[in-house]
Amino acid sequence: MQYQLKQLLDTVVSSGGSDLHLHVDSPPAIRVSGHIQFIEGPSLTTTDTEGILKELINEQQFETLESRGAIDFSFVHEGNAQFRTTAYKSRKHYDIVLRQIPTKVYSMEDLNLDVDVFIPLLKRTQGLILVAGPTGSGKTTTLISMLDWINHNLDRHILTIEQPIEFFHKADKGLVSQREVGIDANSFAEALVDALREDPDVIMVGEMRDLATMESAVAAAETGHLVFATLHTTGAANTVDRILGCFPPEARDQVRTLLAASLTAVISQQLCHTIEGGVVPAYEIMIVDTAISALIRQAKTHQLKTHIQTGKAQGMVTLDEYLSLLVKQGIIAEDEALRKAQDPKRVRAILNDEAYTPED
């Protein structure tokens, strides 16, 4: 049996799947609502994945795959489904993962983000807004919802730097420019440096992967731009520590000062399985105020969670509080909340209306 790429992608779309995995020595697999489901049939061979690759990439991209060992790109299937794709070497053959990119733009209301909290942040003319979370947690969906609101409500020049471009924005109130790393720019860091000469008001960085990109993003936020970026971290405090930890020790005091002045908000999120079989995002939201700025500047990030807990009036919430709320609303099961919690004992205490003092 020879697998056809079109049929496999049609199956992903019709099943509501998020990812298609093509791994040699395993049947094709689809991730649906977070769970892996194998397609009935024989295991893929080296010839199968090489044949599929030939349908997806050109000669230049294949040379990149050979030299780097991996390549990221996107393509549109049947004119209505877009996939972000990664092909990579594995045991001297090629494996492929294709992630379906939602074509629907979810509003902040759809994502349960408090518009009364976030719209004032999106109207700012400078600052750094970070969306953090593990792979597949919906960071891109959250970013797109915020950029979409800006595009339809403010006269701004939005510039996105992505690898690959995941959603094509059509300009509305202002202008939209989208650059793809590897095609339109050599790197995130270089594209960020170039961006400062391209008169943007809003810059979206697909991912802050290295020190140079982080330096450029913080600098852009300090010089009159509203910058959005993602990080593969969990929790607001861990996100701040991750940025600081990328810099050499001798530079961290200066970076703390810059970050304390430029950071606007951190949205850390995870996807949870619902009782009804779907998925729902759970958030930790930190809005940077004078007190949080001081904690970052004074290297007291271990105290950030306590301040988030007391910042409900400003729209702040910890992940454990949000998970507990989803349980009380009957959206997710308690076991799911405990699996995703930063401190499961605290979640239990919240659900049982008990006082809780974390262990030292």
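Computed from the coordinates by the stated procedures, all read-outs in this text should not be read as laboratory data. Predicted, not measured: the structure shown is a model, and the values here were computed from it. FYI the Cβ positions are ideal-geometry reconstructions off the backbone, even for glycines, and counts take in every protein chain you see.
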Hey, with R₀ at 35 Å, roughly what FRET efficiency would Gln329 and Val76 work out to, going by the Cβ-Cβ distance, to 0.05? 0.40
Please state the shape class of segment 12-63: rounded when a/c is under 1.5, otherwise prolate if a/b exceeds b/c and oblate if not, all from the C-alpha gyration tensor. oblate
Can you list the residues, at least 5 places off or on another chain, whose amide H is less than 5 Å from the amide H of Ala132, using H built in the peptide plane? Leu231, Ile267, Ser268, Gln269
The rounded separation in angstrom of the Cα centers of segment 36-102 and segment 121-192 is 25 Å
Students often get this wrong, so check it: of Lys6/Lys92; Lys300/Lys345; Lys139/Lys305; Lys305/Lys340, which have C-alpha atoms separated by over 19 Å? Lys6/Lys92; Lys300/Lys345; Lys139/Lys305
Residues Ser14, Ser268, Ser107, Ser177 in order from fewest to most other beta-carbon atoms within 10 Å are Ser14, Ser107, Ser177, Ser268
Would you be so kind as to identify which of Leu53, Phe167, His152 lies farthest towards the positive end of the dipole of the chain, taking Lys and Arg as +1 and Asp and Glu as -1 on Cβ and the Cα centre as origin? His152
Distance in nm between Arg339 and Arg197 label points, each 7 Å along Cα→Cβ, equals 5.0 nm
Most fluctuating of Gly17, Gly69, Gly138 in the GNM of the chain (C-alpha, under 10 Å) is Gly69
Could you give the nm distance between label points at Arg297 and Gln7, where each point is 7 Å from its Cα heading toward the beta carbon? 6.4 nm
Report relative contact order for segment 5-101 in percent, whole number only (criteria: Cα-Cα under 8 Å, sequence separation at least 6). 26 percent
Separation of the Glu354 and Arg252 label points, Cα + 7 Å toward Cβ, nm: 3.6 nm
Given R₀ = 30 Å, what would the calculated FRET efficiency be for Ala171 paired with Thr223, taking r from the Cβ atoms and rounding to 0.05? 0.80
Using only alpha carbon pairs under 8 Å that are at least six residues apart, calculate the relative contact order of the chain and give it in whole percent. 12 percent
Length gain on complete extension for the stretch Asp184 to Arg68, per 0.36 nm per residue less the alpha carbon to alpha carbon distance? 39.9 nm
Taking the number of other C-beta atoms within 10 Å as the exposure measure, put Arg156, Arg348 in order starting with the fewest. Arg348, Arg156
Please provide three numbers in whole Å: the alpha-carbon extents of segment 1-148 along the principal axes, with the largest listed first. 55, 34, 27
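Indicate the gyration tensor shape class of segment 238-360 (rounded, prolate or oblate), computed on the Cα atoms with a ≥ b ≥ c the square roots of the eigenvalues: a/c under 1.5 is rounded; otherwise a/b larger than b/c is prolate and the rest oblate. Before the final figure, lay out each step's value.
Values: a/c = 2.31, a/b = 1.98, b/c = 1.17.
Here segment 238-360 falls in the prolate category.
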Linear extension gain, Asp116 paired with Thr274, 0.36 nm per residue minus alpha-carbon span: 54.3 nm
The chain: calculated mean residue ellipticity at 222 nm from DSSP helix runs of at least 4, using -39500 (n - 2.57): -11000 deg cm²/dmol
Charges on Cβ only, +1 for Lys and Arg, -1 for Asp and Glu, centred on the Cα centroid of segment 72-183; of Phe118, Phe73, Ala87, which one is farthest towards the dipole's positive end? Ala87
From the square roots a ≥ b ≥ c of the eigenvalues of the alpha-carbon gyration tensor of segment 115-317, which class results: rounded (a/c under 1.5), prolate (a/b over b/c), or oblate? rounded
Along each of the three principal axes of the Cα atoms of the chain, give the extent in whole Å, ordering the values from largest to smallest. 62, 53, 42
Quick one: if the Förster radius is 51 Å, what FRET efficiency do Glu109 and Phe38 give, using the C-beta to C-beta distance and rounding to 0.05? 0.90
Under 13 Å from Lys328, Cα to Cα: aspartates and glutamates that are on another chain or at least 8 residues apart: Asp320, Glu336, Asp353
